[in-house]
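Inspection log for the structure reproduced underneath, given as structure tokens.
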Amino acid sequence: MSHTRHSVTAAGARTRHLKLCEVLEELGMSRAAFYRMRARGKAPRCIKLPNGQLRFRRVDLDAWLESWTEDLAC
């Protein structure tokens, strides 16, 4: 039997958690680079499952990306 992890949004709709490979693909980042960032405390918030796998809430990933946005207006 397959179980997919979900979270509940403020609106009550369930959303699927992203897997590490999905996050890496979206960011265009290698696994090694991600783990270096994580070791420095610079990676997005994640959930560590009992089996050691990582899952990411879309809202946490989007907030992390927004925190790195620079205002380039001169």
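The values are calculated or read from the model by the stated rules, or taken from the named source; none is laboratory data. None of the values given here were measured: they were computed from a predicted structure. In this analysis, Cβ positions are derived from the backbone assuming ideal geometry, glycine residues included, and neighbour counts consider all displayed protein chains.
Side notes on the structure shown:
- Taking the range 49-74 as the range and being farther than 15 Å from Arg16 by Cα and among the basic types (Lys, Arg) as the test, no residue passes.
- Options Thr4, Thr15, Thr9; residue that is at pLDDT below 95 and under 15 Å from the mean Cα position of the chain (by Cα): Thr15
- Enumeration of residues in the range 23-61 that are in a loop (DSSP other than H, G, I, E, B) and surrounded by fewer than 16 Cβ atoms within 10 Å (Cβ to Cβ): Gly28, Met29, Ser30, Arg40, Gly41, Lys42, Arg45, Leu49, Pro50, Asn51, Gly52, Gln53
- The set of residues in the range 35-53 being on the phi > 0 side of the Ramachandran plot and among the β-branched types (Val, Ile, Thr) is empty.
- Single residue of the range 12-22 satisfying the filter (among the hydrophobic types (A, V, I, L, M, F, W, C) and in a helix (DSSP H, G or I)) that is surrounded by the most Cβ atoms within 10 Å (Cβ to Cβ): Leu20
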